[in-house]
Amino acid sequence: MAELRDEKGLAKAERYYTDYGVRARELKAEGKKIIGYISALCPVEVLTAAGVVPFRLKGNVNEAITKGDAYMETIVCPFVRSVFDSAIKGKFNFIDGMVLPHQCDSLDRTSDVWRDYLNLPYFHFLNAPHVTDDPSIEFMKELLKLFIKTLEEYTGKKITDEDLKQAIAKHNENRRLMRGLYELRKVNPPLISGVEMIKVLIAAMGLPVDESNKLITEVIDEVKARAIPSNGLKKRIMIIGDQIDSVDIMDAIEGAGAYLVMDDISVGSKMYWQDIDTDKEPLQAIAERYLRKLKIPTNFVDTGGTYEDNLNARFGHMRRYIEEFKVDGAILFIYKYCDPYGFEVPAIKSYIESAGVPVLYLEDEYSTSTIARMKTRIEAFLEMMA
Amino acid sequence: MAEEKKGRAVATKTAASIPKFVRGNLAATLKAKEEGKKVAYAYIADGQDEIMRAMDIVPAWGESFAGVCAAKRDAEKYLQKAESDNFSRSLCTYATCTIGFDMVREELGGGAVPDAPWGGMGRPDMILGSAQLLCDPRFKWPQATQHYLRDVPVFVGSMYYPPFDPKMDHHEQEKFYVKYATEELRECVKFCEKHTGKKMDWDRLAQIVELSDRTWDLFIDTYELRKAFPTPMDTGDAMNTMVPLTFNLGTQEAYDFYKQLYDELQQKIANGEGVADPEKYRLIWAAGLPSWFALGDFQYFNSKGAVFPVEVTYRGCEKIERLELPKTNDPLEHIAWRWVRYWTHWYDKARKRPGSLPKVERIIEYIEEYKCDGVVFHSAFSCRSWHAGIIHQAETLKKVYREIPILILEGDIVDISSYNEADTHNRIDAFIEAVDSYKKRMN
Ligand code: SF4
Ligand code: SF4
């Protein structure tokens with residue numbers, strides 16, 4: 001397929017987005033082991049170091065849950081239910097195993113369900129702590145050792161410190177490149193749209209790190225070559241949430257007449273913003289990155305100082321994004337039944353609003369059936385900002 | 001004015017004293033200031049009970065308060081208050097009910113809230129949360145509370161236990177889990193010392209920990225009396241008698257309560273007094289927090305001759321000797337071992353039966369020991385912690401054990417809007433019929 005071999009950049013991202021998993025299938029056919037994972041909390045470096053392909057599982061907002069509900073309660077977050085529904089329907093039948101990091105109750109309390117019904121050759125629940133103090137880092141290192149041991153047993157290959165260091169270097173490079181792409185959103189109007197961006201983000205998470213690096217580089221080259229359009233007049237929006245992994249809401253935002261210029265979401269900046277320190281012992285550095293640097297609501301932060309200090313420690317990055325990306329308004333897009341994010345809504349909302357930026361809070365059910373309603377609310381929000 | 005519904009009548013005299021217990025706990029939080037004591041918002045089964053008791057910190061239990069609001073059908077005003085500041089109705093309703101109450105109290109200046117059920121809770125001086133054991137709200141709720149009580153310091157500790165994996169022997173991981181849990185308890189002590197200005201009295205802590213061990217033992221001894229035919233007490237009462245174990249662990253009152261209950265149950269057994277007359281069906285309440293506003297449903301079961309001699313919910317302890325705790329002179333390490341071993345107690349059994357789960361092994365153990373003919377779960381929509389995974393437990397139970405009748409009720413702990421009494425009773429009726437034919441088949 002010559003045309004596909006020549007395919008590059010955004011066109012390639014489009015295909016990998018639309019036919020998610022297509023590359024993983026090919027790699028599987030080549031004899032590679034594919035390990036699925038969920039959430040930005042999974043230390044993908046360890047999977048890369050093990051010589052397996054980390055493949056992030058995604059849900060499908062366009063597809064009704066038809067099989068999963070027989071196994072998993074509807075009080076579980078709708079994203080998790082959707083991914084499970086896809087998995088149980090065989091959409092990920094090319095994966096050899098799965099890592100479920102302990103991000104939230106919706107994952108923790110369903111881990112038996114994933115393990116027992118998908119029945120994959122490899123399954124590991126990574127019991128990452130929510131607390132991030134020094135004893136927690138030591139604990140996380142023990143968990144990482146255990147995780148490594150299970151992978152070694154599964155692949156029959158030892159994971160050395162050198163393997164980890166190399167994987168860390170590659171993933172740091174991956175993060176650096178993706179941040180470079182985000183840079184191109186800083187201009188006004190942004191050189192890459194929010195819809196294009198989410199496609200690249202999703203495409204990238206389904207690839208081995210080297211291929212992901214190549215894809216991002218191609219997209220950067222392609223986007224940089226675009227003529228700089230005249231000054232944009234639309235409002236610049238940032239979206240905040242967890243597992244937003246489809247174009248639909250991005251499309252609704254941009255379709256309503258805004259530029260989507262930044263995100264604080266699990267498949268987006270949360271994955272790419274913080275590198276792993278390379279001057280530390282690898283497990284220490286990995287533990288610190290995933291517990292302390294990663295900004296997710298299940299990594300507990302308390303400074304011991306004032307409430308304002310705590311807010312800055314928890315959400316200060318959002319204010320930085322607002323400044324750097326010249327954000328005019330933020331959309332908080334949170335799923336029903338998500339306790340970790342749900343309990344933060346008033347705090348995030350008032351924190352961002354106190355920086356003079358309006359916030360629209362939308363509670364969603366991870367389904368395109370709600371999109372029309374969401375779009376109406378977004379339109380009203382943009383009108384209010386005008 | 002909220003509609004007050006007559007609660008469930010309890011079968012034991014001892015259980016009838018529980019409202020006094022609960023009121024006493026709430027009142028203690030309001031009186032603490034006068035007595036120069038600090039109040040801490042606390043969350044059950046976090047392993048911090050003994051630390052608080054040893055440091056004279058008065059725990060204020062949101063879960064208890066929200067349960068009271070629900071039982072009095074007077075939670076809606078607080079749920080709505082929380083919702084008005086964008087807390088989703090799908091979040092844990094113990095948390096949103098209590099946060100709504102906090103919001104109201106702050107608006108009134110932080111003092112007593114006039115129309116709060118049973119006087120409400122006193123404003124805390126600190127918040128002691130915990131991660132993993134058991135749920136996300138245990139650390140997100142404290143943070144969310146601080147949004148309204150900005151001057152109140154928050155501590156969140158960790159008490160993790162190894163997850164179940166049929167291919168892995170969790171005993172190999174216990175050591176580092178216990179080490180971590182112990183260190184986190186030590187962090188909790190440091191935090192409490194800082195905010196009370198007092199030093200921990202380690203001898204006193206050791207005594208309290210020992211009293212807790214005895215309370216765990218006595219609790220199990222007492223509850224095992226319910227194996228008798230007819231059972232002298234069922235889950236309807238247990239949803240009350242759990243209070244001292246759950247909210248007053250490490251106090252003499254808790255211990256004495258179970259002594260009194262033990263004596264009463266023995267007396268009932270001697271007299272042949274049961275919960276239902278005649279007792280026709282024995283059921284297990286296999287998982288799920290109850291709908292506090294509908295505890296009367298237990299009586300509905302009883303009216304059909306069905307009793308619950310055993311439940312998993314709130315049986316938050318085990319006989320200490322069965323846990324085979326390693327010896328240690330450090331009371332914090334002892335607490336850590338006790339909880340880690342409690343949570344992993346059914347792992348070995350589960351590994352021995354292919355396809356099983358620890359929670360299912362526990363249910364099977366109780367079905368056999370308490371001679372149950374049917375299984376009831378309750379799935380509360382706002383709590384993922386206890387209620388996600390129930391379908392899997394039910395399916396696994398059928399697969400690895402036997403085709404025993406199972407009923408999964410749906411509702412909530414606090415939010416009454418999800419509840420329909422007529423539907424619930426219809427489902428119970430149908431279930432009882434299934435149990436009846438199962439029993440006939442088995443005989
Ligand atoms: S959206 Fe919330 S509940 Fe769902 S996976 Fe993310 S953190 Fe968990
Ligand atoms: S265990 Fe459930 S009901 Fe209890 S605080 Fe956690 S989420 Fe709420």
For this session: Quick one: in segment B:93-106, of everything that is surrounded by fewer than 24 Cβ atoms within 10 Å (Cβ to Cβ) and of a type outside the set (Val, Ile, Thr), which residue is nearest to ligand 2 (Cβ to nearest atom)?
Result: B:103
For this session: Among the candidates A:142, A:173, A:153, A:196, single out the residue that is in contact with a helix residue (DSSP H, G or I) (Cβ under 9 Å, 6 or more places away or on another chain) and within 14 Å of chain B (Cβ to nearest Cβ).
Result: A:142
Seminar exercise, completed: Within segment A:320-344, of all residues that are of a type in the set (A, V, I, L, M, F, W, C) and within 9 Å of ligand 1 (Cβ to nearest atom), the one surrounded by the fewest Cβ atoms within 10 Å (Cβ to Cβ) is A:334
For this session: Would you be able to say whether some residue in segment B:74-92 is within 13 Å of chain A (Cβ to nearest Cβ), within 15 Å of ligand 2 (Cβ to nearest atom) and closer than 30 Å to residue B:186 by Cα?
Result: yes
Exercise. Within segment B:197-217, restricting attention to residues that are crowded, with 18+ Cβ neighbours inside 10 Å and among the polar types (S, T, N, Q), which residue is nearest to residue B:37 (Cα to Cα)?
Worked result: B:212
For this session: Could you grab me the full set of residues in segment B:32-65 that are basic (Lys, Arg) and under 21 Å from the mean Cα position of the chain (by Cα)?
Result: B:53
For this session: Please determine, by comparing only the residues of segment A:228-243 that are away from every other protein chain (no Cβ under 14 Å) and assigned to a strand (DSSP E or B), which one is nearest to ligand 2 (Cβ to nearest atom).
Result: A:239
For this session: Search segment A:68-79 for residues being free of Cβ contacts under 8 Å to residues at least 60 places away in the same chain and outside any loop (DSSP other than H, G, I, E, B), and hand back the single one that is farthest from residue A:40 (Cα to Cα).
Result: A:70
Exercise. Restricting attention to segment B:372-428, which residues are of a type in the set (A, V, I, L, M), more than 21 Å from residue B:441 (Cβ to Cβ) and out of contact with any strand residue (DSSP E or B) (no Cβ under 8 Å at 6 or more places or on another chain)?
Worked result: B:388, B:414, B:416, B:422
For this session: Run residue B:142 past the list (1) in contact (Cβ under 8 Å) with a residue 40 or more places away in the chain; (2) within 25 Å of residue A:340 (Cα to Cα); (3) in contact with a Ser or Thr (Cβ under 7 Å, 6 or more places away or on another chain) and report the number of the one that doesn't hold.
Result: (3)
For this session: Looking for whichever is within 16 Å of ligand 2 (Cβ to nearest atom) and not acidic (Asp, Glu) here; the options are A:61, A:76. Which one fits?
Result: A:76
For this session: Return the total of residues in segment B:154-179 being in contact (Cβ under 8 Å) with a residue 24 or more places away in the chain, in contact with a Phe, Trp or Tyr (Cβ under 8 Å, 6 or more places away or on another chain) and surrounded by 20 or more Cβ atoms within 10 Å (Cβ to Cβ).
Result: 10
Exercise. Which one is farthest from the chain's Cα centre (by Cα) among residues in segment B:121-134 that are closer than 17 Å to residue B:93 by Cα and modelled with pLDDT of 95 or more?
Worked result: B:121
For this session: Give the residues of segment A:49-86 that are over 17 Å from the mean Cα position of the chain (by Cα), among the β-branched types (Val, Ile, Thr) and away from ligand 1 (no atom under 16 Å from the Cβ), sorted by residue number.
Result: A:52, A:66
Exercise. From the set of residues in segment B:121-140 that are outside any loop (DSSP other than H, G, I, E, B) and within 8 Å of chain A (Cβ to nearest Cβ), which is surrounded by the most Cβ atoms within 10 Å (Cβ to Cβ)?
Worked result: B:139
For this session: Report whether or not residue A:152 is farther than 23 Å from residue A:9 by Cα, part of a helix (DSSP H, G or I) and not polar (S, T, N, Q).
Result: yes
For this session: Return a yes/no flag: does segment B:141-159 have any residue that is among the hydrophobic types (A, V, I, L, M, F, W, C), in a helix (DSSP H, G or I), under 26 Å from the mean Cα position of the chain (by Cα) and more than 7 Å from chain A (Cβ to nearest Cβ).
Result: no
Exercise. Taking the condition outside any loop (DSSP other than H, G, I, E, B), surrounded by 21 or more Cβ atoms within 10 Å (Cβ to Cβ) and more than 16 Å from ligand 2 (Cβ to nearest atom), does residue A:131 pass?
Worked result: no
Exercise. Are any residues in segment A:255-279 hydroxyl-bearing (Ser, Thr, Tyr) and either surrounded by fewer than 22 Cβ atoms within 10 Å (Cβ to Cβ) or within 24 Å of residue A:291 (Cβ to Cβ) (or both), and if so, which ones?
Worked result: A:266, A:269, A:272, A:278
Exercise. Is one or more of the residues making up segment A:96-112 modelled with pLDDT of 95 or more, more than 14 Å from chain B (Cβ to nearest Cβ) and part of a helix (DSSP H, G or I)?
Worked result: no
Problem set entry | Residues that are among the basic types (Lys, Arg), under 29 Å from residue A:291 (Cβ atoms) and surrounded by fewer than 22 Cβ atoms within 10 Å (Cβ to Cβ), drawn from segment A:1-60 | A:33
Exercise. If we keep just the residues of segment B:317-355 that are free of Cβ contacts under 8 Å to residues at least 60 places away in the same chain and aromatic (Phe, Trp, Tyr), which is farthest from residue B:222 (Cα to Cα)?
Worked result: B:346
Problem set entry | Within segment A:125-139, tally of residues that are more than 8 Å from every other protein chain (Cβ to nearest Cβ) and within 22 Å of the chain's Cα centre (by Cα) | 3
For this session: For residue A:191, indicate whether it is over 29 Å from residue A:300 (Cβ atoms), assigned to a loop (DSSP other than H, G, I, E, B) and of a type in the set (A, V, I, L, M, F, W, C).
Result: yes
For this session: Identify the single condition in (1) more than 9 Å from chain B (Cβ to nearest Cβ); (2) within 19 Å of residue A:363 (Cβ to Cβ) that residue A:345 does not satisfy, given that it satisfies every other one.
Result: (1)
Exercise. Take the residues of segment A:286-309 that are in a loop (DSSP other than H, G, I, E, B) and small (Gly, Ala, Ser): which is farthest from ligand 2 (Cβ to nearest atom)?
Worked result: A:305
Exercise. Would you call residue A:335 of a type in the set (Phe, Trp, Tyr), modelled with pLDDT of 95 or more and out of contact with any Phe, Trp or Tyr (no Cβ under 7 Å at 6 or more places or on another chain)?
Worked result: no
Problem set entry | Residue ranges of helices (runs of 4 or more DSSP H) in segment B:336-443 with at least 2 members within 14 Å of chain A (Cβ to nearest Cβ) and in contact with a Lys or Arg (Cβ under 7 Å, 6 or more places away or on another chain) | B:384-387, B:390-400
For this session: Mind listing just one residue for me: the one in segment A:111-123 that is surrounded by fewer than 24 Cβ atoms within 10 Å (Cβ to Cβ) and closer than 17 Å to residue A:42 by Cα and, of those, nearest to ligand 2 (Cβ to nearest atom)?
Result: A:111
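The values are calculated or read from the model by the stated rules, or taken from the named source; none is laboratory data. Note that the structure is predicted; figures quoted are calculated from it, not measured. Neighbour counts run over all protein chains shown; Cβ positions are idealised from the backbone, glycine included.
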